[in-house]
Structure formats: structure tokens, C-alpha cells
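J.: Can you read through this structure? Questions will come right after.
The values are calculated or read from the model by the stated rules, or taken from the named source; none is laboratory data. A quick note: this is a predicted structure, and the numbers were derived from the prediction, not measured. In this analysis, Cβ positions are derived from the backbone assuming ideal geometry, glycine residues included, and neighbour counts consider all displayed protein chains.
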Amino acid sequence: VQQKLIFLPFLSLCRFFIHSLKSGICPLFRHIYTYLFKHITVLFESDDCVRETLRNKPTMSSGANLISVSVGHVRESLKVFGEKRFDGLPLVVRPTKGRFPFVSIPSGVWALKYRQGVLQRKPLTPGLHFVSPFEDVRYVISMQDTQFDIPNKEIPCADNVMVKIDIFLMFHIHDPILFIESLSAEKLSDLLRAAQEEAIRNLANKTKHSEIYDLVAFDESSIMEDLRKKFLPYGVTITEVRITDVALPKDIAWRLEQETTFISRHRLQKRKQEFDLVLTKHIEYLEQKRLQYKNERLAYVEQAKRERALIGKEIDEIEGRTKKLLAETAAEQDRIVRQVEEETAKFCAKLDEERVALIKRMRAESNKQRAALIAEAEAFENEVKAHTAAEVASLNAQITKLQSQTESEIEPKLVEKRAFDRKTRSIEVTSELGSINNG
């Protein structure tokens, strides 16, 4: 075992030398380191002492170390993030082949490019990018949330009792440029561990050991805000802080459990006595109420019987008055009917007399109006006939005048015809006047 342990300092020296070199400067040392570590680890696997030595180092499951690792191509970085390693959790990847001519950037990572040794302010986007001979991709940082946790440590609480409090936190890198310029994965691991221990210490100093288990339901928002303010200047955002476990020393935990059990029993016995006392009072109260309700019910029944007898008597009186009132109403109704019938007969006779007189009067007025209308019609007819005869004579005179004017212009042979026509017209006029007078 002593001979095998000789290789451990050599292995540590190789690790320190490789991590101190920048990526891509000396890939030969990286391959030598990988080969030696792989074979020496296999050589020591059968030895319990060496396995115990390696087991004391933090593993990825504990989340207590953040490291930077080297890979070949940039596209291999996704395989490294989240990979289980004995020395920690990879957060930053240094590719050795991120150079001329092309580099493929996967999604979900920050890829930082250097140009002639100067860091460019804009990370590369996912996809295929051309890289000149003066440029190289040196750092690839995960965008995903990273879990960080350290094993429990004993911390004194407010009453100087040693307790164990485990705080789990989650973070991600929001500004890779600021993170690379101000920190590294290893420095961030140290800062997170220190901040986590400080938060646990402050929380324990404000809490007594009897109230330590209440921290599981504690609101961690204040702790998360403090951690956010501390790590935002480094480009790191704390997304979640949670108290996962709280533990007391076994003897104090057993004593608290016994005290809690005794207090619970005493409280239960006291509550039981109070319950029995209240139950007895309630039973007595219910018995009193039952007797009271029974007496009140009997009183209500007797009163209801008396009221029922009074109501029956009132009903009989009302029925007698109703029968008498119905008889009086029927007699009055018969008298009113007879009176109405007599008045109706008288009124009908009077209406018949008035109707006959009205008919006679209307007939006389109709005959008188008829005679007046006939006289007016005859006078109007005579007036129309006279007016018509005058108009006919006037028209005949005009016709004669026109004919005379026409004949003066015609030859003398028409003189005889005009005389004949004049005589004929005179005869016709005379005949028409005679017929009008006769009519």
C-alpha cells in the first residue's frame, strides 16, 4: 500500500499543472494526465485504503464543488455538463479544438470567443460559425440551472446548542462575460460555500434549539434575496433556496421528544378533564332543557284545547248569523227583482209611445221636405229652359250674320239659296220656340 501511495503526490501534481495551463496550449500534458489518472485509479481500486482516501473527496452528488474541465470539440460540452465526476460538477468547459475554420455551437450554452487574446463582448449564438486563425472559442458555460449543496455542519444556535442545517440552492449564469472576468468555477464554488455557511450560521444564531425544527417551514425568500444581491455583480442569479434538513444531537433530540411527549400527555389529560366537565355540564343543561320543553309542551296543549273550544263556539255563532243573513238577503233580492221588473215594464211602454210619436213626426217632415224639393226642381227646370232658348237664339243670330258675310263674298247665284235658308231657319226657330212653350 505504501508503494502504491507514492503515485498519489505525482497524480496531484499532474492535476495542478494541467488545470493551471490554459486550454489548447499543451494538449500533450492533458492526454498524459488522463492516461495516468485512468490507469492509476484502476490500479488502486482493489485497495481499501486508497478507496477510502478517494472517497473523502467531494463527489458530484454532494454538489459541493464546481469545476472547469477540458474537452475536444465544443459540441462535446453538453455531454460534460451534468456528468458524474469524482472531483465535482462541471460548470465551465474549455474546448481545445474551438479554432479555425468552423465551430459548431450547441443550444443551451454560452460560448465565449477570444480574438488575439481579447475576450469578445458578445457570446456566440447556437449554430455553425466561421472562426478566423486569430480567433478561438476558449470557454463554454452552461445556461441551465445548477444545484449546489454541501454536507451538514454543526453550528451553534441561539442557546449554544450544536445543530445541523442543510441548505440547498440553485443558480444559473445570466452574464457569462462578467462571470469569466470576475470569477471562475472554482472561485464561485468557494463563494457559494461561504455564503451558504454564513446564511446557515445567521439563521441558527437567531433560533433556539427547541424551535429548530420549525426552520423546515421557514420562508427562505429573505435568504434568497441576500444571496442574489451578493452574486448579481458576478453574473450569477440565485433562483431557489430551500432548507432541506435540520438535525439536533441525539441526546437533545431524545430529550425534546420526551418533553414533547410528556407535554402532549399532560395537555391531553387536561383537555380530557375539561371535556368531561363540559360534557357533564352539557348533559345537565340538556336534561333541564328537556324538562322545561316538556312542561312548556303540556302548557301549550292545554292552552290549545281552550282556544279550540272558544274557536268552536265562535264558529257556531258565525254559522247562525250567516244563515239569518242569507235568508234576509234572499227576501231582499226577491223584492228588488219584482221592483226592477215593474219599472222595466213601465219604461218599455213609455219608449213605445215615444217611438210612435217620433215616427209620425218624421213622416210629416219628410212629406213637407219632398214637396219643397219638387217645387224647387220645377222652378230650376223652367229657368234652365229659358236660359237655353236665349242662348240658342243668340247663336242663330251669330250664324245668320256669318252666313250673310259669307254670301256677300260669294257669287250672286247664292242669293236665292240664302233667302231660302233664311226662311227655313225662321221656320225652325219658330217651331223650337213653340215646342219649348208647350213643354
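For every residue, the table says whether it meets (1) at pLDDT 85 or above; (2) hydroxyl-bearing (Ser, Thr, Tyr).
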site: Lys153; (1), (2): no, no
site: Ile177; (1), (2): yes, no
site: Glu181; (1), (2): yes, no
site: Ser184; (1), (2): yes, yes
site: Glu198; (1), (2): yes, no
site: Arg201; (1), (2): yes, no
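J.: Are there strands (runs of 3 or more DSSP E) fully within the range 91-162 with at least 3 residues that are in contact with a Phe, Trp or Tyr (Cβ under 6 Å, 6 or more places away or on another chain) and surrounded by 21 or more Cβ atoms within 10 Å (Cβ to Cβ)? List them. Let's see the steps before the verdict.
T.: Numbers: elements: 102-105, 109-115, 127-130, 135-142, 146-148, 154-156.
Fully inside the range 91-162 and qualifying: 135-142.
J.: Can I ask one more? If you take the residues of the range 212-238 that are among the aliphatic types (A, V, I, L, M) and outside any helix (DSSP H, G or I), which of them is nearest to Phe179 (Cα to Cα)?
T.: Among them, the one singled out is Val236.
J.: Say we look at the range 358-402 and pick out the residues that are under 23 Å from Arg425 (Cα atoms) and charged (D, E, K, R); which of these is surrounded by the most Cβ atoms within 10 Å (Cβ to Cβ)?
T.: Lys385
J.: Something else about it: Which residues, taken from the range 210-233, are farther than 15 Å from Asp166 by Cα and crowded, with 18+ Cβ neighbours inside 10 Å?
T.: In the first step, residues of the range 210-233 are kept if they are farther than 15 Å from Asp166 by Cα; the result is 210-211, 221-222, 225-233.
Once the filter is applied, which keeps residues that are farther than 15 Å from Asp166 by Cα and crowded, with 18+ Cβ neighbours inside 10 Å, the range 210-233 yields Leu227, Phe231.
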